[in-house]
Structures are given as structure tokens and as C-alpha cells.
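What follows is a set of notes on a single structure, which appears directly below.
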Amino acid sequence: MKHFKHLLLSSVLLGAVACSPSPAAELPLAPTFNTAAMDALLSGAVERGDVVGVQALVFDEGQTVYRNSFGMADRERNVPVKSDTVYRVYSMTKPVTSALIMDLMEEGKLKLSDPASKYVPQLAQMKVVSMGADGKPQYADQTKPMTIEDLLLHRAGMAYGIFGGNPIEDAWGKANLFNPKATMSSNMDKMPMLPLLGQPSEQWFYSFSIDILGQIAEVVTGQTLGEAMEERFFEPLGMTETSFRVSAEMKPRFASNYMLQADGTFMLIEDGQNSPFADTTNVMESGGGGLTSTTDDWIKFARMLLNEGEFEGKRILEADTVKLMRTDHLKDTPSLLPWVGGTSNAGFGYGGAVQLDVNTELQAQSGRFPGQFGWGGAARTDFWIDPENDSIGIIMLQFFGGEDPKIHSDFRALTLAETRDDK
């Protein structure tokens, strides 16, 4: 109902403007973009074997100024990347789940200050683990309950199970939290047995917390996570090819996923035509990493965030809500991973990283600019919005392994150079 009211109001206002006389105004010049330079950058990465395939899009000043694809979506079948290739976006799901929580907050269905255990009681039983002087683990109660906001900010004390290297991460990894045949709700009984790495609100660690938020959204709405996202975002935004399962119609366009080997070559690890994502009997809907999508769909969600909650006359989120999402809320919270704080000088908002101050050298090398907001996925998809320069960048790859690929920083740097308003 909220969205209908905004749409009706927008229609009335637009009609009033259309009927009102206005002085002639000079139309702004369309933004220019060095398409040849970007083509060379992306195609060069394919030709050198840095990536199997790549698709990228740049949106600036209200229009798409660059869009192209290179290389293979399915190397084994010799299928090239095309405009409608479907991707695993993995952790790019997190901003959507976070936006869903913010939408529920707008409607008064939850508060950011709510204890998470109000919706998932098992969370109150989770203990903080540390090593005692005798080398044995010691367990402590939460000194204050983790909140919805703690989950949004990855500061609930949870681990993830995807990093390894310490007993806490290993315990989360062994919990089998992403079984495609199990619902997320079935994981909640596992929570009391899983250790917290620290007290809630005391540190930033990339974690399972957004999956917990997906489950909370299901509890609050009485819908599956996919149904709630469809109703509140995908349908009003026209995101017809974004979902937790790849349909039979979309399957021929679903990219394969690869693993970067130590020798720089790529090994197939998930055939797009025999993928769990394309198995419609799977029921897992991971709010932290389960969506598949296309570039044409994702730009709609990104444009909504850039335009402070509005997309083509439809009010999806309130402007103040989106501003909250795009604001750093970590402040001086210590970060246990280099993606936030430290030399990155990035903060974290509700759903993604927020770039704080950055020097000229870092801008030129990596395309980082104050106020940028976004997040990437495990298979090297990435997107960000740049409110200061009224632009968006999206790059789609499909591989695991190695450090963050150089094509990410190169793409971002050229995008910034071409879209910044003071160039």
C-alpha cells in the first residue's frame, strides 16, 4: 500500500508539471565516455587469459554510457558472454536482503534496535568462545544481545565458515549451513552450538549474519525470502530475471563458474547446465549469497539506490532510508578483515561498504571515491553507486580463487576517470 500511495502521488505531481508552463531551458549535454579505452581494457583481460569472460556496464548522469561483453560464458560449449547472460551474484545478494530489512523497518514491522532473538530465539543461546590459559575453550554469555543492526553491520560476533584458518571458522564451516535441500529456517537450531568470535557490537567480521536477516524477514512477513524480495523489489523494479533458482527458460544463458589455478589457468568447477542453481527442487534461499541475476536487472536495483529509493517514478524506499544505508555506521569499530578500515579507509553501511576519504593516488589506481557504496560477490561480480558523480559501475565475472583481480581496480579507475564531475 505504501508503494501504491507514492506511485499515485508521483503521477499527480507529474501531471501537474506537464500542464504547467515553464521557461525554455537548455538541455544538458549527454555525458561522454571513452568506449574504445574500456573495450581495450576488458578485451585485453580476456586475450591475456586473466579472465574467461566479462561483462560491464557504466551508468552516468541518467543514462547507460557503456555496456559490452567479451570472452566466454561457457568455455566448454564455446558460448560467448552475451547481453542476457545469467550470473551467480553471491554476496551481491546482501544489499538486497539489507534493503528488505530496511523496508520492513519503514513499515514498523521491526526496529534496528530489536534483539535478533525476538525473531529467532535460538540466537540468545549463542556463546562467545575464547581460549583459556590452560588452552581449553571458555564460553561466555552475550553481555548484551545482538541486534538487527549488529546483523546488518556484520558486528554480531558471528563467523562464516568460508575462510578457515581458525577453530571458530572451521566450526561454522562444518555446520553445513548452505545445504541446497534444506531451508534456512532449519539452520536456526544449529545456532546455539556455533561459537561467537566476540561480543556483539565490538568488532566487524564478514559473516553469516545477513543470512540470519533473511530468516528474520521470513518470520516477519510470513513469506519465503524470494517471495518477499519479489513483492517489494523485483516486481516493482521490473527485475524479471533475478531469483534464487535459474528457470528452465534462463538455463541456456546461465554462465559456468571456474576456479583460478596457481598456474594462472582456469578450471571448470560448476557447469552452468548442471548447476545446483538450476535445480528447481532445491529449497535453500540464502539472503547472504543465493541470488542469480543479469546485468540488465542489477542496474535497476543500483539505480534505485543511486536515486535515493526511487526508480522511474516508483518509490521503493524512502530517501532517508537509503541515505542511512549509504552511511558508515562502524565509526571506530575494529575490523578483523582488511576490506573495511585500515588502508582501505572504507566503512560499512546497511548492506555494503562505504568509501570514506581517499587520496588522489588511490583514486587513480583503484577508482575509489568518497561516498561510493556497494558490494561484490564471491565469483567476482561487483557493483557500486557513486552519488557524488551520479554514476554506477557493474562488472560481471564468474570465477573463484586468487586475490581480487586487477580487472576490478582497472575497470573502477577508468569508470571514475570518465564519470567524475570535475574531470
task = Determine, yes or no, whether Phe233 is among the aromatic types (Phe, Trp, Tyr), touching a residue at least 40 places away in the same chain (Cβ under 8 Å), more than 30 Å from Arg77 (Cβ to Cβ) and not assigned by TED's automatic domain parsing to the domain that holds Leu110.
result = yes
ask   = Within the group Thr343, Thr415, which residue is assigned to a helix (DSSP H, G or I) and in contact (Cβ under 8 Å) with a residue 40 or more places away in the chain?
value = Thr415
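Can Thr295 be described as of a type in the set (Ser, Thr, Tyr), within 21 Å of the chain's Cα centre (by Cα), under 26 Å from Thr64 (Cα atoms) and at pLDDT 95 or above?
Values: of a type in the set (Ser, Thr, Tyr): yes; within 21 Å of the chain's Cα centre (by Cα): yes; under 26 Å from Thr64 (Cα atoms): yes; at pLDDT 95 or above: yes.
The answer is yes for Thr295.
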message = So Arg88 passes all but one of these: (1) in the same structural domain as Pro192 (by TED's automatic domain parsing); (2) buried (at least 20 other Cβ atoms within 10 Å of the Cβ); (3) in contact with a Ser or Thr (Cβ under 8 Å, 6 or more places away or on another chain). Which condition number does it fail?
response = (1)
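Kindly indicate the residue of region 107-127 that is within 25 Å of Gly347 (Cα to Cα) and not basic (Lys, Arg) and also surrounded by the most Cβ atoms within 10 Å (Cβ to Cβ) among those meeting that condition. Talk me through it step by step, then tell me what you get.
Taking region 107-127 and keeping what is within 25 Å of Gly347 (Cα to Cα), we get 110-116.
Among the residues that remain, those that are also not basic (Lys, Arg) are: 110, 112-116.
Working: Leu110: 20, Leu112: 17, Ser113: 9, Asp114: 15, Pro115: 19, Ala116: 27.
Ranking the qualifying residues of region 107-127, first place goes to Ala116.
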ask   = Under the condition of being within 9 Å of the chain's Cα centre (by Cα) and assigned to a strand (DSSP E or B), which residue from region 366-383 is surrounded by the most Cβ atoms within 10 Å (Cβ to Cβ)?
value = Phe383
query = Among the residues of region 46-59, is there at least one that is surrounded by 22 or more Cβ atoms within 10 Å (Cβ to Cβ), of a type in the set (S, T, N, Q) and either in contact with a helix residue (DSSP H, G or I) (Cβ under 6 Å, 6 or more places away or on another chain) or at pLDDT 95 or above (or both)?
reply = yes
task = Return only the number of the condition from (1) part of a loop (DSSP other than H, G, I, E, B); (2) among the β-branched types (Val, Ile, Thr); (3) not assigned by TED's automatic domain parsing to the domain that holds Glu310 that Ile212 does not satisfy.
result = (1)
ask   = Of the residues in region 348-365, how many are in contact (Cβ under 8 Å) with a residue 60 or more places away in the chain and either more than 22 Å from the chain's Cα centre (by Cα) or surrounded by fewer than 22 Cβ atoms within 10 Å (Cβ to Cβ) (or both)?
value = 0
ask   = From the list Asp404, Asp410, which one is assigned by TED's automatic domain parsing to the domain that holds Leu324 and at pLDDT below 95?
value = Asp404
ask   = Taking region 246-290, which residues are touching a residue at least 12 places away in the same chain (Cβ under 8 Å), among the charged types (D, E, K, R) and assigned to a loop (DSSP other than H, G, I, E, B)?
value = Asp271, Asp279, Glu285
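The values are calculated or read from the model by the stated rules, or taken from the named source; none is laboratory data. If you're wondering where the values come from, they're calculated on a predicted model, not measured in any experiment. Every residue, glycine as well, gets a Cβ built from its backbone with ideal geometry; the counts of neighbours run over all protein chains shown.
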